[in-house]
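The values are calculated or read from the model by the stated rules, or taken from the named source; none is laboratory data. Please read all numbers here as calculations on a predicted model, not as lab measurements. When we count neighbours, we look across all protein chains shown, and the Cβ atoms used for this are built from the backbone with ideal geometry, even at glycine. What goes into the accessible areas is simple: the full protein's heavy atoms, side chains included, and nothing from ligands, DNA or RNA. Shrake-Rupley method; radii C 1.70, N 1.55, O 1.52, S 1.80 Å.
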Amino acid sequence: MGTFIEISPPLYRLFISTEENCNMRCDLHVHSIASGMFTAPGLNRICRESYTDPAEVYERLKRMSMSIVTLTDHDSIDGAECLRSNPDFFLSEEVTVRMPSGTEMHMGVYGITERDHAEIQRRRNDFIALLMYLTERKLFFSANHVFSGLTGHRKAEDFHWFASYVPAFETRNGQMRPEANESAARLAAREGKIAIAGSDSHTIAGVGHTYTEVPGARPVDEFFAGLRTGRGRIHGVHGNYGKLTADVFSIVRSLFWDKPWTLAMSPFALLVPAFTAGHWLNEIRFCRKWAAALEHGEKRKRMLWDLDSNFEANWAS
């Protein structure tokens, strides 16, 4: 069926039943308690990035009218254990990848198996080796929050790698500023990339408010076939300072509940708005710097040291 969709989407929509001709929705970027600990010094031993139970995430996504459900925890598929029996659930993860320049980026990889997860983790510190594996396995993957400084500093060559070999860009992230998402959308359009969207929610409040939609798809493979053939649509909210601050307060509250002894540090919670303001200002600076550099620069020519020019064509076949 997936092959038929790719060959002739109009014929597929003409002959399928009304029940099948629906809009298939999925929040392609959502976290649970399996995402592990905060990476910030001082918090990496006591505070988790998310305290949301995977089953709660699933139930919330279904209430938010998501047709299919996945988790994209950081370098982990542990949260999926209790969800595997659901026919509308599929396995994914958000991989922390080391670029050839030495920087790091977050990559969403979707529809994987346990064996894929093991190989992805083994190769995630070698971007080229990871690309080779994902391409060989024909897995769908994306560059997440392209204009965010969440993973640290960025170098110009990183964007060249994204443009050359990553098939999809996250062009709407429910935690990112509208300007950052719009810059990602313009870059994706300029480079001919597939646009996807997800909430990137680390708390239950934001789950399912930003999502990707494919008309006329039913099972998971048809959803991704639709994305590959350009039928995906992005929907939902952007991020803002108030939303970020509320989420951090929610995580701090969960920390106090999980580790009561940390209540002794509760006065420091008053600093949360200042902490999130600093982060928000850094995000503004990062986005403006790289959006200006990329939008005013010339499109880079492929260099001799690049991988084979048929790389993406091989992935799509």
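Structure above, values below:
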read-out	value
Residue among LYS243, LYS138 that is closer than 29 Å to ALA40 by Cβ, open to solvent by 30 Å² or more (accessible area, probe 1.4 Å) and not in a strand (DSSP E or B)	LYS243
Test: residue in region 217-240 that is farther than 29 Å from ASN23 by Cα and touching a residue at least 24 places away in the same chain (Cβ under 8 Å)	no
Region 49-68: number of residues that are of a type in the set (Asp, Glu) and assigned to a loop (DSSP other than H, G, I, E, B)	2
Among residues of region 206-239, those that are β-branched (Val, Ile, Thr), in a loop (DSSP other than H, G, I, E, B) and within 30 Å of ALA277 (Cα to Cα), counted	2
Conditions (1) on the phi < 0 side of the Ramachandran plot; (2) open to solvent by less than 60 Å² (accessible area, probe 1.4 Å); number of the one not met by HIS145	(1)
Residue within region 115-123 that is more than 27 Å from LYS243 (Cβ to Cβ), open to solvent by less than 10 Å² (accessible area, probe 1.4 Å) and in a helix (DSSP H, G or I) present	yes
Odd one out for SER183 among (1) open to solvent by 20 Å² or more (accessible area, probe 1.4 Å); (2) polar (S, T, N, Q); (3) touching a Phe, Trp or Tyr at 6+ places or on another chain (Cβ under 6 Å)	(1)
Per-region count, region 85-102, residues closer than 21 Å to TYR211 by Cα and either surrounded by fewer than 22 Cβ atoms within 10 Å (Cβ to Cβ) or free of Cβ contacts under 8 Å to residues at least 24 places away in the same chain (or both)	5
Residue in region 186-199 that is of a type outside the set (Gly, Ala, Ser), over 28 Å from PHE141 (Cβ atoms), buried (at least 18 other Cβ atoms within 10 Å of the Cβ) and within 23 Å of the chain's Cα centre (by Cα) present	no
Residues of region 189-205 classified as over 20 Å from HIS74 (Cα atoms) and not in a helix (DSSP H, G or I), total	4
Those residues of region 278-296 which are closer than 17 Å to ALA185 by Cα, loosely packed, with under 12 Cβ neighbours inside 10 Å and not small (Gly, Ala, Ser), in sequence order	GLU295, HIS296
From the options LEU270, LEU281, LEU227, residue that is over 17 Å from the mean Cα position of the chain (by Cα) and at pLDDT 95 or above	LEU281
Test: residue in region 145-167 that is part of a strand (DSSP E or B) and touching a helix residue (DSSP H, G or I) at 6+ places or on another chain (Cβ under 6 Å)	no
For ILE46: the one exception among (1) part of a loop (DSSP other than H, G, I, E, B); (2) modelled with pLDDT of 95 or more; (3) open to solvent by less than 40 Å² (accessible area, probe 1.4 Å)	(2)
